[in-house]
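The values are calculated or read from the model by the stated rules, or taken from the named source; none is laboratory data. Just so it is clear, the model here is predicted, and its values are computed rather than measured. Neighbour counts are summed over all protein chains in view; Cβ atoms, including those assigned to glycine, are modelled from backbone coordinates with ideal geometry.
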Amino acid sequence: MAASCESLLPLVLLLCLSAQAVDRSNFKTCEQSAFCKRQRELTAGRSPYRALLDTLELSDSRLTLQLINDNNKVRLLLELYRLQGNMTRVKINELKPLKPRYEVPDVLISDPITEKLSVVSQDENSLVLSLGGKDQRLIISAQPFRLDIVEGPQVLMSLNSRGLLAFEHLRARKDTSISHKISSTVGSMWDSFKSMFSSKSESEQETEQENVEQQTDEDGQIKEEEDKPGMWEETFKSHADSKPNGPSSISLDFSLPGVEHVYGIPEHADTLKLKNTDGSDPYRLYNLDVFQYELHNPMALYGAVPVLISHSTDRTMGIFWLNAAETWVDISSNTAGKTMFGKILDFVQVSSEAPQTDVRWISESGIIDVFIMLGPKPADVFTQYASLTGTQSFPPLSALAYHQCRWNYNDQEDVKTVDQGFDEHDIPYDFIWLDIEHADGKRYFTWDPSKFPQPKEMLQGLMDKRRKLVAIVDPHIRVDSGYKIHNEIRSKNFYVKNKDGGDYEGWCWPGNAGYPDFTNPEMRAWWASQFAYDQYEGSMENQYIWNDMNEPSVFNGPEVTMHKDALHGVWEHRDVHNLYGLYVQKATADGLIQRSEGVQRPFVLTRAFFAGSQRYGAVWTGDNAAEWGHLKISIPMCLSLGLVGISFCGADVGGFFKHPSAELLVRWYQAGAYQPFFRAHAHIDTPRREPWLFGPDNTALIREAIRQRYALLPYWYQLFYNANRTGQPVMRPLWVEYPDDVTTFSTEDEYLIGKDLLVHPVTDEGATGVTAYLPGKDEVWYDVHTFQKHDGDQSLYIPVTMSSIPVFQRGGSIICRKDRVRRSSSCMENDPYTLYVALSSQGSAEGELYIDDFHTFSFEEAKQFVHRRLSFSANTLSSRNLAPDSQFSTASWIERIVIFGGSQPSSATLKNADGTESALEFEFDSTLAVLTLRKPGVNAAADWTIVLR
Amino acid sequence: MTCLHLLLTLGFAVSLGTPVEIQRPRGVPLTKKQFYEENKPFTCLDGSRTIPFDRVNDDYCDCKDGSDEPGTAACPNGSFHCTNAGYRPMFIPSSRINDGICDCCDTTDEYNSGAKCENTCKELGRKEREVLHKMAEITKEGFLLKRQLIEEAKKGHQEKQSKVTDMQENKKQLDEKVEALRTVKETAEQPEKEAKERHLKAWEEQKAAIRLEKDKAKMAEAFLELDDDADGFVSVSELQSHAELDPDADGTLTEIEAQGLLGGAEQVDTSTFESVWPKIKDKYHSESQPEEPAPVETPPDEVKEPVVDNDSEPYPEDDISEEEDEDDEDEDDYHEDDDKAPPTVKTPEKSDEDDEAMPPYDADTQALIDAAQKARDDFEEAEKALREMDDQIRNIEKELSFDFGPDAEFTYLYNQCYELTTSEYIYRLCPFNRVSQKPKFGGSETNLGTWGSWSGPENNKYLLMKYEHGTGCWQGPNRSTTVKLTCGKETVVTSTSEPSRCEYLMEFTTPAVCQEPSNADLSPHDHEEL
């Protein structure tokens, strides 16, 4: 919904008036972020780090080794793990930090399963480990320290090959006694905390003590590192960051020989393929509420997933940098020869002309904890990443349908009128949304007594239409002694604290607000309990939740977010910032599960996110604008999220800020209907834009776009089931399915839904045609509207009118649709399916059909579902059970089968499981080669075969 | 489940005691029964194809126009007819058949969905009749009121017309009167002007004579003062004692300079002094008079530059206070300037003669002035009366020019205001003028638009009023209000809302829109289908 400027205070209005686009001065550049500046001043060169090979310890699952920085003699501990599924984990921490450094919890779904690491060879300056597989080796070079992962004669990835490993060790402050006192206080808090939980034995601690002494002995010859500006405090605009712990940033470089295309690290309003950042700011990952964001810009946005995917025709790989602090990522191009030297040249042969991409990660605090996902195929990387952070939650079917939102639907009457408007205009919708004005004085979990006096009546009215509602619940809590939620959080001491130990307070929608400490599991449990029907008054089972402003947004905070020296227990906000939004959504989703006693699947939308957020619901791209550029960018933005696990993504249809032209609105509906999360939304100051307000022609166009979405819901649902099971993205860049086709590597104006539908939405004003690239040598594609057949591996010009949504079905696929579109997805649950069989050039096709109750966890807990494989070959179409141990009975049946690209049969015979046979009537359109089988009538869960002769 | 095959609605159907229904396929209206003849091939209503009758309502769409599936959801473009005995029959889209939601009050749309629908047709019919009845009552009474309004408006219109005519007549007379008085005035002003000029001229002459006298006296006095040795001559050395006469302002009056002043002579007598005097009189200080102290120039306080903070503060509360501070400073500066303004440069001492006032006019002149003044007053008064008359005429003409409806039935709203108080605001509608909103608990009024035009649908534009160009909205349009008029006995604002930011909607009842009730409308309940 909203950014930092609003009618809260008149002055804010003044500020906003001048702000046509993002006010860049509100947000830091790398130069203005002290650690980024310090780190970026280091340039590639010989690394001061040396691996102390004699400290090597190797167990079955773990290798440890000390690193020493020859400039300051500070020692680091390197840990290496070989993980199941072709992954390597590299952890680097201080060997003996002054106090513990933050390690991100709750993002990995479990401790990754390790596999045996074994030493292949060793000499005085290197160590070679086997990673299994096809000659995969990990080479540790001691001086200068670097890691190389090779496969046979090929280097896959090198770490610290440019010598940019930089680990700012924690240190005592030299001059001012005050800050020293503060840090020692926090330090002693740690000591007591540690003593409670530490599993280390006394003797271990003694050994460590010795190490430290030994280190001190060497200190004689160490030149003291000089303090640099911004190490111990930093100001930005009028905000001071007290930095009691001093400098703590970390950095590491990765070289990817042979790679020219890298993707991921959302969220940025930028191209799918990441750009070279030489001469510009690095891509920034720091969850921020950016008012009227700009396009094609590496500035941070609302969410952060520190996962980068590299792709070449040879291999797809991923780097997961598990760190929740402010992070910057530099991307540059290189030639491979420049970073190859030393030991690895014994292994590999490198052409100095080979392209290479160098990536450098910089984070403000925490440790280096990197997961290297070695692919080799795109699907493998997705599987690998899913094994670490989990898969997309499986939404209730209705959440995949159309959502109608606006800031704000004013009152119950308004909600009713809009609901009726959809019926009057025969447009389906499943969810109507209420933004912040619905609550009583922005006190979430309450209802404005004059506008929403009878919320249950309203919800019941929607339920009678088999529809649902989403109400917003933001994580800023109005400081008001008359507000139950606030009082309880305060009395339970659940608020985030400011640096001086008091409750942290900031400005947001309600005025002065507190921010619950969602990193605290007790807080999250309490928050979840607030969604119980007896706690959240006026709520009902068809009400779902939306978490906005969870970056967190703090209007008067630095960069419109929380002060970094605010405290979450013992940790600074600095350490946990990018994780806050994930926790808010997690606690909310948990609450929705608990209120139904674990029966119903939740639906929660979030604006802020982190790695792992896919487990809790949907994400949208925040406060975009009614501009063609924003419509266009919605594709790469959601594709980037899909690559890093978050499939349930969408952009505000119509654009949040500003007033769309009818043409833009129609085009956006057409594009949005083919994106995973399909919601129209609008700013409170924009004119109303319900689908029927732009004249009957546009109403009809929007109706048609939404109806296409509803007809395809079975396919979307099956893809989300698949994403939930396997981690494969729902919305995919072309290169994911055509990894050898270089022409697809930068494509971002079209994409695939699953692997079988190619969508090229019209995103240009006044467009009379689009040029779609249909990939795949020897493949064929069918226009889903005209049934026309086109060959793959060509760019095809398609003339368009206002009603055109260019969509193609891949030859070789079978897609199930429900062509009886009704007013909500629930109304369609028992409707029959039509199978669209698009034959490949070899005359075969395959597809899946997935059915369950569409809203509970029974599919998982009681195996209550239908999952079938549909295949067509040798003129025989059959349905076979993919999950024999599952059971579910459905009322749905097969209404019609449409086969593209075949020839006219003389007969079609349906064979039922019980052996009975019947002849099917059919029609054949010879001009388009479309065969329609009339009413097989078999149950969708049954085994059957149809033979054409 | 899979095949719903042929489904015929049966005569006794679901509802109890309704009149006998004619057998026809489910969802077919009586008017189309003829096309669905049992056991005869069915031809799609668009004529596109013919199918066996058992494919009517067999839950598979065969006809492009959806006509073969009037009773199932199979066709995307089909429609289903519900009889709704006791209420109004209607068509619903086929997609609403068996979707679990009760759409037809006779429940016939949900025959296979498990939805528990109750037949509410009778109840709805009763309620609708009640409502229609009430509406009819209101319309009837409202229409009577409207007729009165039309009568009154007609009368008012005539009155105003005749008033305007009268006034225009009066105005003509006034015009003449004004012209007459203008002539009187101009006639009286000519002699007045001449007499005044004469008087002034005499006074100027007299003043000049007095000034000359005074100068001579001063010269004589100066001569005596300068002639220190009283020898009847002013010598060079005597002149040198008056350093202020120094022509080159170097502080000393040298002998040569003094001699120069004396026209080259060593000394001058009284008569020669007459030619010296004009050269020195402006500088000359009388020895008897103390020197005029130079006015003390107090330099004005330096205007304080308001401290401008260049670091733009992004945070609301800071900014607010800062803004306010700046404003305050500016205002303070302004006041300071006023208070501490430097003494205005003093005008030179008025010479004595200027102090003397002009003597009063003589009686003859005064008489002429008085006469002219009276003529002026009379003229102005008449002119004012004419202007007022013009205003009045214009106002009435303006009122007459408004579109008060085909029969001027909206005339009575003119110059009236109607208020509605909500939980937060008092809304005020002044028809043909403006709409405004005022916070209930203090705060300034916001203009929600001034009269724009009638903007109802083409067939009756008098159902909506549009008020436009109200106070501007942030990042949005100027506020505007649409007033929706409905028939009612009372003239009241019944509700207000803001469906879109800064676009208000007001509902307003007035008898002026009540339509003449037709007799048929008064007994509105025999649309039931058999």
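See the values below:
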quantity: Residue that is farthest from A:V155 (Cα to Cα), among those in the stretch A:252-268 that are in contact with an Asp or Glu (Cβ under 9 Å, 6 or more places away or on another chain) and part of a strand (DSSP E or B); calculated: A:D253
quantity: Residue, farthest from the other protein chains (Cβ to nearest Cβ), within the stretch A:531-560, restricted to residues that are acidic (D, E) and under 20 Å from A:Y616 (Cα atoms); calculated: A:D548
quantity: Within the stretch B:105-114, considering residues that are away from every other protein chain (no Cβ under 12 Å) and over 16 Å from B:N57 (Cβ atoms), the one surrounded by the fewest Cβ atoms within 10 Å (Cβ to Cβ); calculated: B:T107
quantity: Subset tally (residues that are within 12 Å of chain B (Cβ to nearest Cβ), in a loop (DSSP other than H, G, I, E, B) and not hydrophobic (A, V, I, L, M, F, W, C)) for the stretch A:399-435; calculated: 8
quantity: Leading residue by the ranking (farthest from the other protein chains (Cβ to nearest Cβ)) among those in the stretch A:819-830 that are surrounded by 23 or more Cβ atoms within 10 Å (Cβ to Cβ) and charged (D, E, K, R); calculated: A:R823
quantity: Strands (runs of 3 or more DSSP E) enclosed by the stretch A:681-800 - at least 3 residues per element that are over 28 Å from A:R820 (Cα atoms), within 14 Å of another protein chain (Cβ to nearest Cβ) and acidic (D, E); calculated: none
quantity: Given (1) buried (at least 20 other Cβ atoms within 10 Å of the Cβ); (2) outside any loop (DSSP other than H, G, I, E, B); (3) of a type in the set (A, V, I, L, M), index of the condition A:V104 fails; calculated: (2)
quantity: Condition met for B:I51 (under 30 Å from A:P428 (Cα atoms) and either within 14 Å of another protein chain (Cβ to nearest Cβ) or out of contact with any strand residue (DSSP E or B) (no Cβ under 9 Å at 6 or more places or on another chain) (or both)); calculated: no
quantity: Odd one out for A:R466, checked against (1) more than 13 Å from chain B (Cβ to nearest Cβ); (2) among the charged types (D, E, K, R); (3) touching a residue at least 60 places away in the same chain (Cβ under 8 Å); calculated: (1)
quantity: Any hit, the stretch A:588-611, residues being buried (at least 20 other Cβ atoms within 10 Å of the Cβ), of a type outside the set (A, V, I, L, M) and within 14 Å of chain B (Cβ to nearest Cβ); calculated: no
quantity: In the stretch A:2-59, residue surrounded by the fewest Cβ atoms within 10 Å (Cβ to Cβ) [restricted to those that are in contact with a helix residue (DSSP H, G or I) (Cβ under 7 Å, 6 or more places away or on another chain) and either more than 10 Å from chain B (Cβ to nearest Cβ) or at pLDDT 95 or above (or both)]; calculated: A:E31
quantity: Scan of the stretch A:867-906 for residues that are more than 23 Å from A:T932 (Cβ to Cβ) and of a type in the set (D, E), ordered by number; calculated: A:D885
quantity: Residue among B:L145, B:L181, B:L174, B:L149 that alone is under 30 Å from B:L386 (Cβ atoms), in contact with a helix residue (DSSP H, G or I) (Cβ under 6 Å, 6 or more places away or on another chain) and at pLDDT 90 or above; calculated: B:L181
quantity: A:A671 within 13 Å of A:N624 (Cβ to Cβ) and either assigned to a helix (DSSP H, G or I) or out of contact with any strand residue (DSSP E or B) (no Cβ under 9 Å at 6 or more places or on another chain) (or both); calculated: yes
quantity: The stretch A:899-949, residues that are in a loop (DSSP other than H, G, I, E, B), within 14 Å of chain B (Cβ to nearest Cβ) and surrounded by 13 or more Cβ atoms within 10 Å (Cβ to Cβ); calculated: A:L920, A:K935, A:P936, A:G937, A:V938, A:A940, A:A941, A:A942
quantity: Positions within the stretch A:464-479 being basic (K, R) and more than 29 Å from the chain's Cα centre (by Cα), in sequence order; calculated: A:K465, A:R466, A:R478
quantity: Cβ-Cβ under 7 Å pairs, at least 6 apart or on other chains, the stretch A:872-898 side under 13 Å from A:N939 (Cα atoms) and away from chain B (no Cβ under 14 Å), far side surrounded by 20 or more Cβ atoms within 10 Å (Cβ to Cβ) and among the small types (G, A, S); calculated: A:F888/A:A941
quantity: Some residue of the stretch A:851-865 being more than 14 Å from chain B (Cβ to nearest Cβ), at pLDDT 95 or above and farther than 30 Å from A:E541 by Cα; calculated: no
quantity: Criterion (surrounded by fewer than 24 Cβ atoms within 10 Å (Cβ to Cβ), over 24 Å from the mean Cα position of the chain (by Cα) and in a loop (DSSP other than H, G, I, E, B)) met by exactly one of A:E522, A:E541; calculated: A:E541
quantity: Test: A:F341 is within 30 Å of A:S121 (Cβ to Cβ) and free of Cβ contacts under 8 Å to residues at least 24 places away in the same chain; calculated: yes
quantity: Out of A:G501, A:G461, A:G482, sole residue that is over 29 Å from the mean Cα position of the chain (by Cα), not β-branched (V, I, T) and not in a loop (DSSP other than H, G, I, E, B); calculated: A:G461
quantity: Whichever residue in the stretch B:454-481 is touching a Lys or Arg at 6+ places or on another chain (Cβ under 6 Å) and of a type outside the set (A, V, I, L, M, F, W, C) and, among such residues, is nearest to B:R501 (Cα to Cα); calculated: B:G476
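Matching residues to (1) under 18 Å from the mean Cα position of the chain (by Cα); (2) not charged (D, E, K, R):
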site	(1), (2)
B:Y467	yes, yes
B:G470	yes, yes
B:P477	yes, yes
B:T481	yes, yes
B:K484	no, no
B:S497	no, yes
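Residues checked against (1) closer than 22 Å to A:R467 by Cβ; (2) in contact with a strand residue (DSSP E or B) (Cβ under 9 Å, 6 or more places away or on another chain); (3) away from every other protein chain (no Cβ under 14 Å):
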{"site": "B:H81", "(1), (2), (3)": "no, yes, yes"}
{"site": "B:A85", "(1), (2), (3)": "no, no, yes"}
{"site": "B:I92", "(1), (2), (3)": "yes, yes, no"}
{"site": "B:R96", "(1), (2), (3)": "yes, yes, no"}
{"site": "B:K116", "(1), (2), (3)": "yes, no, no"}
{"site": "B:G125", "(1), (2), (3)": "no, no, yes"}
{"site": "B:R129", "(1), (2), (3)": "no, no, yes"}
